[in-house]
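> Here it is, the structure, as structure tokens.
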Amino acid sequence: MPRAPRYAWRQVGAVLLVGAALACGDTPTEPAAGDSVRELLRLPAEFATPAIPEYNPLTPQKIALGRRLFYDPRLSGNQTQTCASCHEQRLAFTDSQATPAGSTGHVLRRNSQGLANTAYFSTLTWGNNVLLELEDQIKVPLLSDNPIELGVLDGNRAEVLQRFDDDSTYRAMFKAAFPNSPPGATINQVIFALASFTRTLISSDSPYDRYYRGDPLALTAQQVRGLKLFNSERLECFHCHSGVNLSTSYRDAGTTAGTVTYPFFNNGLYNIGGDGSYPTGNQGLYELTLNPADRGRFRPQGLRNVAVTAPYMHDGSLATLRDVIRHYARGGRLVDSGPYAGDGSLSPLKSGLVRGFDITEAEIDDVVAFLESLTDEKFLHDPRFADPFAASSPSPSTPR
Ligand code: HEC
Ligand code: HEC
């Protein structure tokens, strides 16, 4: 079991630095089995080693192949779409739409999620408690027929894979990534490579991270005020948004089956008909469990780079960060007319932590400023994550 560094970023509230630099000299010393993983992911000391399934060890060859596939339209049935169509690097791997359309025009119900640090979530996607590994999640955009995203279906799967077998660059890359497999790309190899690349999308260099690492000047005075508000019992944000991704959905290589948690909450976005319902077909965890109490329950979304990932929430129905803070301040959203009419603040299914609070306009500015400190410019422009087909893109080996 790879050992996490001693002061790994545990599930504490968003960190507030008091005075001196943090735990200087408390550097991890013992070499750990996870070291090569940590190097490949370029993890800073305070990030624990993420859990990686034993059946898909991380290698540079799989990462390079996964990056190419992520940006290649040949990976969609009709060759019109890539993973990056909905996950653009400059937007922290979101797409600025409320809900995107797949390669055949099918509009999805959910907002495209950012892909920073997905390796650390205990469950994947907005409202699903059984998708636990990237290898399983990636099958959805790749293979799903309802709705169709990339649209690799039973009828065209052989043809899609043939596109890679016909390309000498890909032949060499598949061979390098899976040296013990017979020639001929397989869908599992595609998925393993994409999962490996996705794991490398680590965001760890925002002003907030630098503040956490001990630079008291990394945040402005306004951002520090916003951080204090975020961590306050008045606003309650940190109860659901804490730790490395500012989400209580968290696990790493050291998390055991007995300690892992799968948090899901209803935060009062809808209350259709006064019984706590959300729009039909988009009721979060309920769609899987069919337990009426799970209506409107979603994973606390990670907040890394949140200033560039608008619009917000699982259906992209809040346009700005101010709207989000006003929503929480009201203790739920009022939809006053139309098919979704209802007062979210009165929802019987809403979490007790979304109670509403008084906040001034200046304090809203402070919280927004704090959320902006989570933007990691290096992540948004890191050439290792960029489109390898773009003319200007440096080769994957270019040092940072
Ligand atoms: C048509 C748009 C679209 C395409 C194409 C697409 N995605 Fe997504 N992605 C989404 C949406 C929407 C979600 C949220 C899904 C949900 O909650 O049901 C998502 C969620 C994810 C997540 C989960 C993130 C988290 O925080 O749990 C990962 C990982 C992911 N996508 C990776 C990929 C990869 C890799 C590809 C290419 C094989 C891809 N996506 C293609 C729209 C897309
Ligand atoms: C009870 C748990 C809980 C509390 C408290 C909470 N959140 Fe959330 N947060 C969530 C959940 C769950 C979602 C996703 C809900 C959805 O999509 O319907 C979310 C979504 C968000 C989003 C949207 C992220 C995105 O990418 O779309 C932001 C921003 C956010 N919360 C900020 C805050 C702030 C600021 C506070 C404090 C004022 C706060 N949250 C308090 C659980 C919580």
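> Which number in (1) open to solvent by less than 10 Å² (accessible area, probe 1.4 Å); (2) part of a loop (DSSP other than H, G, I, E, B); (3) farther than 16 Å from Arg234 by Cα marks the one condition that Gly332 misses?
With respect to (1) open to solvent by less than 10 Å² (accessible area, probe 1.4 Å); (2) part of a loop (DSSP other than H, G, I, E, B); (3) farther than 16 Å from Arg234 by Cα, Gly332 is out only on (3).
> Next question, about the same structure. Among the residues of region 309-323, are any within 23 Å of the chain's Cα centre (by Cα), assigned to a helix (DSSP H, G or I) and near ligand 2 (Cβ under 9 Å from one of its atoms)? Can you show your working first?
Of the residues in region 309-323, the ones within 23 Å of the chain's Cα centre (by Cα) are 309-323.
Still in the running and assigned to a helix (DSSP H, G or I): 321-323.
Cutting the leftovers down to near ligand 2 (Cβ under 9 Å from one of its atoms) gives us 321.
There is at least one residue in region 309-323 that is within 23 Å of the chain's Cα centre (by Cα), assigned to a helix (DSSP H, G or I) and near ligand 2 (Cβ under 9 Å from one of its atoms).
> Tally the residues that are farther than 20 Å from Leu41 by Cβ and at pLDDT 95 or above, restricting the search to region 214-261.
30
> Take the conditions within 28 Å of Glu39 (Cα to Cα) and out of contact with any helix residue (DSSP H, G or I) (no Cβ under 8 Å at 6 or more places or on another chain) and apply them to Ala319. Does it pass? Working first, answer last.
Numbers: within 28 Å of Glu39 (Cα to Cα): no; out of contact with any helix residue (DSSP H, G or I) (no Cβ under 8 Å at 6 or more places or on another chain): yes.
Against the criterion (within 28 Å of Glu39 (Cα to Cα) and out of contact with any helix residue (DSSP H, G or I) (no Cβ under 8 Å at 6 or more places or on another chain)), Ala319 does not qualify.
> Among the residues of region 55-72, is any of a type in the set (Ser, Thr, Tyr), within 20 Å of the chain's Cα centre (by Cα) and more than 10 Å from ligand 1 (Cβ to nearest atom)?
Of all residues in region 55-72, those of a type in the set (Ser, Thr, Tyr) come to 55, 59, 71.
So of that shortlist, the ones also within 20 Å of the chain's Cα centre (by Cα) come out as 71.
After this cut, where a residue has to be more than 10 Å from ligand 1 (Cβ to nearest atom) as well, the list is none.
Looking through region 55-72, none of the residues is of a type in the set (Ser, Thr, Tyr), within 20 Å of the chain's Cα centre (by Cα) and more than 10 Å from ligand 1 (Cβ to nearest atom).
> Going by the structure shown, is Thr289 more than 30 Å from Ser203 (Cβ to Cβ) and within 16 Å of ligand 1 (Cβ to nearest atom)? Show your work before the answer.
On the way: more than 30 Å from Ser203 (Cβ to Cβ): yes; within 16 Å of ligand 1 (Cβ to nearest atom): yes.
Spelling it out, Thr289 is indeed more than 30 Å from Ser203 (Cβ to Cβ) and within 16 Å of ligand 1 (Cβ to nearest atom).
> I'd like the full set of residues that are closer than 30 Å to Ala48 by Cβ, within 16 Å of ligand 2 (Cβ to nearest atom) and of a type in the set (Gly, Ala, Ser), limited to region 247-303. Show your work before the answer.
As a first pass, look at region 247-303 and keep what is closer than 30 Å to Ala48 by Cβ: 247-267, 284-285, 288-289, 294, 297-303.
Now drop any that are not within 16 Å of ligand 2 (Cβ to nearest atom), which leaves 247-250, 261-267, 284-285, 288-289, 294, 297-303.
Correct list: Ser247, Ser249, Gly284, Gly302.
> Aliphatic (A, V, I, L, M), crowded, with 17+ Cβ neighbours inside 10 Å and either in the same structural domain as Leu108 (by TED's automatic domain parsing) or within 10 Å of ligand 2 (Cβ to nearest atom) (or both): does that describe Leu349?
No; evaluated as a whole, the condition is false for this residue.
> With the requirement that a residue be buried (at least 23 other Cβ atoms within 10 Å of the Cβ) and of a type in the set (Val, Ile, Thr), what does region 199-234 give you?
Across region 199-234, the qualifying residue is only Ile202.
> Among the candidates Asn129, Asn180, Asn188, Asn146, which residue alone is within 16 Å of ligand 2 (Cβ to nearest atom), at negative phi and open to solvent by 30 Å² or more (accessible area, probe 1.4 Å)? So that I can check it myself, show each step before the final result.
Working: Asn180 fails: within 16 Å of ligand 2 (Cβ to nearest atom); Asn188 fails: within 16 Å of ligand 2 (Cβ to nearest atom); Asn146 fails: within 16 Å of ligand 2 (Cβ to nearest atom).
Going through Asn129, Asn180, Asn188, Asn146 in turn, the sole match is Asn129.
> OK, next. Just give me the residues in region 307-330 being farther than 13 Å from Ala98 by Cα and touching a Phe, Trp or Tyr at 6+ places or on another chain (Cβ under 8 Å), in sequence order.
Initially, region 307-330 is screened for residues farther than 13 Å from Ala98 by Cα, giving 307-308, 321-330.
Result: Leu321, Asp323, Val324, Tyr328, Ala329.
> Looking at region 86-97, can you tell me whether even one residue there is part of a helix (DSSP H, G or I), among the small types (Gly, Ala, Ser) and assigned by TED's automatic domain parsing to the domain that holds Ile191?
Going through region 86-97, the residues part of a helix (DSSP H, G or I) turn out to be 86, 89-91.
Adding the requirement that they be among the small types (Gly, Ala, Ser) leaves none.
There is no residue in region 86-97 that is part of a helix (DSSP H, G or I), among the small types (Gly, Ala, Ser) and assigned by TED's automatic domain parsing to the domain that holds Ile191.
> Here's a follow-up. Could you list all residues from region 339-364 that are part of a helix (DSSP H, G or I) and not aliphatic (A, V, I, L, M)?
Of region 339-364, the ones part of a helix (DSSP H, G or I) are 344-346, 361-364.
Correct list: Gly344, Ser345, Glu361, Glu363.
> With the structure loaded, tell me whether Gly296 is assigned by TED's automatic domain parsing to the domain that holds His239, surrounded by 14 or more Cβ atoms within 10 Å (Cβ to Cβ), on the phi > 0 side of the Ramachandran plot and not β-branched (Val, Ile, Thr) or whether it fails that test.
Numbers: assigned by TED's automatic domain parsing to the domain that holds His239: yes; surrounded by 14 or more Cβ atoms within 10 Å (Cβ to Cβ): yes; on the phi > 0 side of the Ramachandran plot: yes; not β-branched (Val, Ile, Thr): yes.
Criteria met by Gly296.
The values are calculated or read from the model by the stated rules, or taken from the named source; none is laboratory data. Please read all numbers here as calculations on a predicted model, not as lab measurements. When we count neighbours, we look across all protein chains shown, and the Cβ atoms used for this are built from the backbone with ideal geometry, even at glycine. Keep in mind that these areas ignore ligands, DNA and RNA; they rest on the heavy atoms of the full protein, side chains included. Shrake-Rupley method; radii C 1.70, N 1.55, O 1.52, S 1.80 Å.
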